[in-house]
1. Indicate the gyration tensor shape class of region 221-339 (rounded, prolate or oblate), computed on the Cα atoms with a ≥ b ≥ c the square roots of the eigenvalues: a/c under 1.5 is rounded; otherwise a/b larger than b/c is prolate and the rest oblate.
2. Ranked highest first by the average count of other Cβ atoms within 10 Å around their residues, in what order do 337-344, 194-201 fall?
3. Just to confirm a number: summing +1 for Lys and Arg and -1 for Asp and Glu over residues other than L149 whose beta-carbon lies under 12 angstrom from that of L149, what do you get?
4. With r defined as the distance between the Cβ atoms of F333 and Y276 and R0 fixed at 25 Å, what FRET efficiency is calculated, to the nearest 0.05?
5. If amide H atoms are built 1.01 Å from N in the plane of the peptide, which residues on other chains or at least 5 residues away come under 5 Å of the amide H of F343?
6. Note down the nm distance, to one decimal, between modelled labels 7 Å out along Cα→Cβ at N25 and at R45.
7. What are the residues whose amide H is under 5 Å from the amide H of D72, where those residues sit 5 or more places off or on another chain and H is modelled from the backbone?
8. Given the options H26, H390, H55, state which has the largest fluctuation in a GNM of the chain using a 10 Å cut-off (strictly under) for Cα springs.
Amino acid sequence: MKKKKYSMETQLIYGKALSKKWDYNHHVIPPISSSATFRLDTAKRGAQGFMEFAHHTETQKIESCAPIYIYDRLGEPNKELLEENLAAAERGEIAVTFSTGMAAISAVLGCLTGIGDEIIAHSVLYGCTYSLLTNWYPRYNIKTKFINLTNPKNLLKEINQRTRIVYFETPVNPNLDLIDISEVAKILNQINKQRPKARKIYLIIDNTFATPYCQRPLELGADFVVESLTKGITGFGTDMGGVVVGPKWSYDLLLMYRKDFGGSLAAKSAWPIMVYGLPSLPIRFKQAMASALEVAKFLSTNPKIDYVRYPGLDSFPQLSLARRQMLDYEGNFAPGVLIYFSFKGKTPKIRKEKGEKFINILAKEAYTITLAVSLGMIRTLVEHPSSMTHAAIPPEEQIKKGIDPGGIRMSIGIEKTSDIIADLKYALSKI
Ligand SMILES: *Cc1c(COP(=O)(O)O)cnc(C)c1O
């Protein structure tokens, strides 16, 4: 119908209904998709879109499917382009993104567990993951056993018929203990051989700390990787997101979960992660890791500091595991951007006070170091786990779990190394 027939008010809504300017084929950068819903040419096409959603056949190649987009919560171009790149980065078959890291973690756990199942997790976990497992899952009679997985053999006496998932982070937050992924995978493979396929135990790794640039758990035998995109992958601190990477058979399940629980990644957040975050991850991390090693060495020489833990230091207690497990895409040692250290002090109370004082000086005086949670950003961030991220755990329990009351966690950014060290030197001189 002729456009002239319609009022300007209406035309301001529709514009040129079919513009040739909407051209994906010739864009160097894909446009930000910002459409909550999608036009379906015919009822038949609409029906086909609903029928096909989350119903990929065994033989279909997911990457070659031209999807019929229906509604942003189900899928749209920006997050699906990002998902292809994330699956490739983690060397997995498929990736499904979520609105946050926690949405991704609850999705993979929700897809793989049911009433009566058990999860085995490492004794120290990201606080909200711990809360999910202890405050919410017991409502559905899903129990979690928290054990020390730095010795993978501890699994043997804890696994039973109800166990469905083994879950951990490595490096562990905040003390940077490492857990041997391939050793855990080997133990689970042995056990899975004696179980029916429907009761298989899945290994899920939270790879947020290392990012796929420094560690690819799927190559080491894990079944699923979950990740907060908010941290190292976005890198600039502008957006939140999460992802599950895993085998092809889980793709439809994860899409259905996301559709019904609703934690979809906004297209406006998928876009900067795809355009700025992921492409700059290697160069950002190369710079930050080089600084992290220098900073860790500098801190090690200070007489006020009791110990420094960084997987790249020769003094790191699990150095051989670090060198085996934390590698970049070319096989170079990639020990990450996080450092953990603590002050000397006769009692835990004195150490804790020193840690807090140090943090306060940095917060007030430092230009290159910001007191803030989060990590993996281009800015160096510092926090005091004992009084901040892990404060819910009583001090005696903290020590048992390997959280030092005086411990400081630093996430190194891409500032000039000497500037970071100068700010640290100043703060150290004041305590
Ligand atoms: C931040 C973080 C999460 C949660 O991610 P959000 O994007 O904040 O929901 C999960 N695991 C680890 C290790 C994290 O650091």
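1. Working: a/c = 2.53, a/b = 1.89, b/c = 1.34.
Note, shape of region 221-339 comes out prolate.
2. Output ranking for 337-344, 194-201: 337-344, 194-201.
3. Residues near L149 contribute -3 overall.
4. On the way: r = 27 Å, r/R0 = 1.06.
E(calc), rounded to 0.05, equals 0.40.
5. Excluding prolines and chain starts, which carry no amide H, the hits are D306.
6. Computed distance between label sites N25 and R45 equals 1.7 nm.
7. Here the answer is T37, since their amide H atoms fall under 5 Å of that of D72.
8. With Cα springs under 10 Å in the chain, the top fluctuation among H26, H390, H55 is at H26.
Throughout, read-outs are computed from the coordinates displayed, never taken from laboratory work. Just so it is clear, the model here is predicted, and its values are computed rather than measured. Note that we place each Cβ from the backbone using ideal geometry, even for glycine, and neighbour counts take in every protein chain shown.
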